[in-house]
Amino acid sequence: MRSGDGNYTLSLRLYAIIFFLCSLALNAGEYYISYRYITKNALLYNESLQISKSMQKCDGNPTQSIVFETVKENDDLKTIIDKNFDQFSNFVSKVGLEIKHYEKTTNYINNSTTILTLKTTCFKVDFNDSFVKIQALK
Amino acid sequence: MKYSMILVALLSFSGVNADEKVEQPHEIRNTTINIECPAGECSTPSNSMTQLEVPSRDTNTLDKNERMIISVIGQGVAPTDTLSPAQAYAMAKRAATADAYRLIAEKVKGVKVEGQDLIKNMMVQRSSIRTSVAAMIRNANLVETTFKEGLCEVEMEITLYHSDFMQ
C-alpha cells in the first residue's frame, strides 16, 4: 500500500524524466546536404557545401551518425559544420563519396582533375543545448 | 662392306652413349639457365624448361569471411597565395584526400586508359594519354595526416569484405 508522499515523489520523478527528454531534443529537423570539391594538379580548385532544410519528411532509416559540440545555442547547421569541418569531412567519407578523376598527359606534360561529390543526401539533425547530432538517412 | 659395318657399329655405340652424356660443350657451354623445381617434378630437361610458375587467378580473390585492407597515401600541395598557414594546410589536406580517394578507386575498380599518338613524316608530332577513374567509395578511414614543407600526405585505408561485392 502506497502512501500519499510516495506517489508525490513518483509523479515528480516522472515529470523530471519527461522534462529531461524534452530538453534533449529541443529542435529536430531534416536537412538535405550536398558537398563537392574539385582539385586540379594536386591543388584545391573549388569547394561547395550546400545545406537546405527539407520541406517534407525524408524516407529512410538513420545509419551513420556524428555529434558536434556547440558553443552558441543560436548557431545554424552550416556554421556548426564549418566549425567542425574536419570531423564532418571524415563523417562524409563514411557515408560515401563519388569520385571522378581525369588525367591527360600530352607530350609528357600531365594535367589532372579530381572531383569528389557527396550526392544530395537527407540528414536528420537534432539540435540540443550543447550538442548537435547528425544522422544520415538511407 | 667391312668399313660400312664398322661405321654402323660406331654410330650405334655413339647413339647409346648420347643419353648418358651430360656435357655438350658446343651447344650449351655459354648459356646458364637456372630453374628451380620441386624434387621429383622436373624429370626431363624439356619439362623443367616449360614449368615456369604462373600465378593462378585464384591468388587475389576475396573469399567468404575474409577481408582485405587497402591502404594508400595521397599527396596534396598547399597553394602559395593563401591568407594563412592554416588555410594552406586545410587546402592541401583536401587535395591530398582527393588523391587518396583516387588511388583507392584505381586499386579497387581500375583505370580506363586511352592513348593516341600522331605521327607525321615518320616523327611523333603529338602523344597524348588520357586516363579516367569513376567510383563510389564508402567507409574510407583517414588514418594519418602529415604536413611538411607545403606537401600534405594523407594515409587512407578501406576494408573490403566479400559481401561488398555481392549484388
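The values are calculated or read from the model by the stated rules, or taken from the named source; none is laboratory data. Fair warning: this is a prediction, and the values are worked out from it, not measured in the lab. Please note: Cβ atoms are built from the backbone with ideal geometry, for glycine as well, and neighbour counts cover all protein chains shown. For the accessible areas, the whole protein counts, side chains as well, though only heavy atoms, and no ligand, DNA or RNA atoms are used. Shrake-Rupley method; radii C 1.70, N 1.55, O 1.52, S 1.80 Å.
Brief remarks follow.
- Taken together, B:THR82, B:THR61 contain a single residue that is hydroxyl-bearing (Ser, Thr, Tyr) and either closer than 28 Å to A:LYS83 by Cβ or more than 25 Å from the chain's Cα centre (by Cα) (or both), which is B:THR82.
- Looking only at residues in region B:65-106 that are more than 16 Å from A:GLU103 (Cα to Cα) and among the basic types (Lys, Arg), the one that is most open to solvent (accessible area, probe 1.4 Å) is B:ARG67.
- Annotation: B:ASP117 fulfils all but one of (1) closer than 29 Å to B:PRO79 by Cβ; (2) more than 8 Å from every other protein chain (Cβ to nearest Cβ); (3) part of a strand (DSSP E or B); the unmet one is (1).
- Scan of region A:64-83 for residues that are part of a strand (DSSP E or B) and exposed (fewer than 13 other Cβ atoms within 10 Å of the Cβ), ordered by number: A:GLU69
- Figure legend. Inter-residue proximity from region B:141-165: first residues part of a helix (DSSP H, G or I), second residues surrounded by fewer than 17 Cβ atoms within 10 Å (Cβ to Cβ) and acidic (Asp, Glu), beta-carbon distance below 7 Å, spacing 6+ or different chains. Indicated pairs: B:HIS162/B:ASP63; B:HIS162/B:GLU66.
- Residues that are of a type in the set (A, V, I, L, M) and open to solvent by 20 Å² or more (accessible area, probe 1.4 Å) within region A:84-138 comprise A:ILE109, A:ILE115, listed in sequence order.
- Residue match in region B:114-123 (condition: polar (S, T, N, Q) and open to solvent by 100 Å² or more (accessible area, probe 1.4 Å)): yes
- Selection count, region B:124-144, where residues are surrounded by 14 or more Cβ atoms within 10 Å (Cβ to Cβ) and more than 9 Å from chain A (Cβ to nearest Cβ): 0
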